[in-house]
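Data block below; observations after.
Readers should treat all values here as calculations from the given coordinates under stated rules, not as data from a laboratory. What you see is a predicted model, and the numbers here were worked out from it, not measured in a lab. Neighbour counts are summed over all protein chains in view; Cβ atoms, including those assigned to glycine, are modelled from backbone coordinates with ideal geometry.
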Amino acid sequence: MHVLYADDETTLQTLMKNQLEKLGHSVVVCPDGETAVAALEREPFDCLIVDLDMPGMKGAEVIQRATKIRPDMESVVITGKPDLQSALTAIENHVFAFVTKPCSFKQIKSLLSEVYHRLSRSRRLAALEHRVRQTDGDGQLVGEGEAMDRVRRVIEKVAPTDSTVMIRGETGCGKELVARAVHAASLRASEPMVSINCGALPENLIESELFGHVKGAFTGADNARVGLFEVADGGTIFLDEIGELPLTMQAKLLRVLETGDIRRLGNNQSKRVDVRVICATHRDLEKMVQEDQFREDLMFRINTFEVHVPALRERPEDIMPLAAHLLRRHRSDCDGADCFTDEAKSELLAHKWPGNVRELANVVEHAAILCDKLPIDAEHLPRHFSRRQLRSEIRDSGPMTIREMELLAIERAVERHGGDKKTAAEELGISVKTLYNKLNSAEEKAA
C-alpha cells in the first residue's frame, strides 16, 4: 500500500519507514500535521498512520482533513496519551484502529494487513458495481454448434494461465461474454473483473479513467480518484475495442503491461498492480500497424493468445437457441424455440444478422413487447427487420426509381442499427463516405 506516516519523533520516523518498506509498502514520512495535510492534497494514499500528540496541527485535525480530502483512505491513530476525548475523536472520524504507545511493530504489521484486506474488499465491491452497470444479461455462452465448441475448448486451455488474451470478432458477436468466461474459469475468478470500452472514453479522460489521478491534476479534478487498473488489482481488466486507443495512450498502456506499475495522473509515485489483461477488437490491427495507427510492439504484447468469436451468420444452428435464451430475459412463460411460430423462425433464420447477437437481442426484445401471448409471430418482428418487409414497402408505395429504392434500403439499414451509419454501410457493402453522400444528396433534393 501507499502509506503516510505522521509523527514528530525522529527515531520512530526512521524505524517505521524502514520496517514498512521491508514489507513492500511505499512510505511517506511527515514530521507534523501541516506537512501531512499537504502530502494528502498532493497525492493519494491507502492508509494514514498519525500521532495525535504533535506540535502545531494536532493529529485529530489531520484525520478530519484527511476524511474530506481522501474519504476512501483508512486511518490508524497512535498516541502516547490516551484519553476519552481522543477515543471519541477517533470514533467520530471512523478511524480504523486506535493504538497506544509503546506499540510493537508486530501490532502495526497486523493492523496494516487488516487495512489491506479491507481495501481489497472495497475495491472488489466497486468492481462488481462497475460490472453490474455494464453487464447485459447473465453472461452465459449459448450455442451448441461446432463453432462455439471451439471457443469453449480454447477458453478451457487459456483461462487457468495468466497469459494476455486477444479476442477478435465482429461488433456485437459477444466478445465481452467470452472475456467474462475466461475470467470465470481462471484462478482469479474470486477477484474483480473490470470492463472498459476504449472507444467510449473521451480522449482527454482516458488516462485518468485507466490509471486514476491526484487532486488538482487537471481542471475539475477536485478530488483524487482511483483508476480502473487499481480497482481490478488481483483480478482481470478487459479492454474492449482496444484498437480505438490513441497512440499516446498505447505507449503508456504498453509500459504498464511490461512493468506492472501504474502512475496516477499528476503523481510521480508509481504503484504495482497485479492484473490479468484481456483485450478485444473488431478491427484489423495488422492493417492498422501498417498504417501507423497502432503500435506494433503493443500488438505483439497483447496478442499472446488469440480467441476468434464467430459471427452469428457463421453459426446459424445457434440462432433459435439464442433467440429462446434472449426471450426468457423478458418472458417467464417462454419454454424454448416453440415460443416462435414457423414463419417467425423462417424470418430469423433467413436474416444475415450484420449486428450479430446484439441485433438479435434487440429484435427479440421488440417482439416480446409487441406479443401479448406467445408464440411470437413474424408480425411481431420489427417493421424494417426483413427483406420481405422491405420488398412489401417498395411494392405498396407504388412505382419507385432505383435511387429511391436505394435510399429506402439505406434508411432502413441505418434505422436497423440504431443510427450507426458505419455498421449500416458495412451491411450494405458500401463505404461510410458513400452512405453519407447518398443521404446528403437526398436531403438536398428534398430541400
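Ranked from highest to lowest mean number of other Cβ atoms within 10 Å per residue, what is the order of the peptides 102-114, 229-241? Walk me through the intermediate numbers first.
Values: 102-114: 13.2, 229-241: 22.9.
The packing order, highest mean first, is 229-241, 102-114.
Please give the Cα centre distance for region 301-356 versus region 13-32, rounded to the nearest Å. Region 301-356 and region 13-32 have Cα centres spaced 57 Å from each other.
Could you line up TYR116, TYR436 from fewest to most neighbouring Cβ atoms inside 10 Å? So the ranking, lowest neighbour count to highest, is TYR436, TYR116.
Quick one: divide the alpha-carbon radius of gyration of the chain by 2.2 N^0.38 Å and tell me what you get. Write down the numbers at each step before the final one.
Details: Rg = 28.3 Å, N = 447, 2.2 N^0.38 = 22.4 Å.
Compared with the compact-globule rule of thumb, the chain sits at 1.27.
Structural descriptor for the chain: relative contact order 12 percent, calculated from alpha carbon pairs under 8 angstrom and at least 6 residues apart.
Could you compute how fast region 329-382 diffuses translationally, taking Rh as the Kirkwood radius over C-alpha pairs and applying Stokes-Einstein at 10 °C with viscosity 1.306 mPa s? Give it in µm² per second.
Numbers: Rh = 11.3 Å.
Diffusion coefficient, whole number: 141 µm²/s.
Ordering of 164-177, 420-433 by packing is 164-177, 420-433, highest average first (other Cβ atoms within 10 Å, averaged per residue). At 25 °C and 0.890 mPa s, grab the translational diffusion coefficient of region 146-308 from Stokes-Einstein with a Kirkwood Rh over Cα pairs, rounded to a whole number in µm² per second. Roughly 151 µm²/s, to the nearest whole number.
For the chain, the longest principal axis of the Cα atoms and the long axis of helix 247-259 meet at an angle of about 60 degrees.
Summarising the amide proton neighbourhood of ILE78: residues at separation of 5 or more, or on other chains, whose placed amide H is nearer than 5 Å comprise VAL50, ASP51, LEU52, VAL99. Remark: for residue pairs LYS157/LYS252; LYS109/LYS215; LYS17/LYS101; LYS22/LYS109; LYS345/LYS373; LYS287/LYS433, the C-alpha separation exceeds 22 Å in LYS157/LYS252; LYS109/LYS215. Return P(r) of region 275-355 (all Cα-Cα pairs; 5 Å bins starting at 0; whole %; ordered from short to long distances). Result, from short to long distances: 3, 12, 17, 14, 11, 10, 10, 10, 8, 5, 1 percent. Using the rule -39500 (n - 2.57) for each DSSP H run of four or more residues, divided by the residues of the chain, the 222 nm mean residue ellipticity is -14500 deg cm²/dmol. Neighbour counts of C-beta atoms inside 10 Å place LYS373, LYS17 in the sequence LYS373, LYS17, starting with the fewest. Here the label points at GLU317 and GLU291, each 7 Å from Cα along the C-beta direction, are separated by 3.6 nm in the simple model. A simple spin-label model places pseudo-atoms 7 Å from Cα toward Cβ; at LYS157 and GLN19 they are separated by 5.1 nm. How far apart, in nm, are two points set 7 Å out from the Cα along the Cα-to-Cβ line at ASP333 and at ASN204? It works out to 5.3 nm between the two label points.
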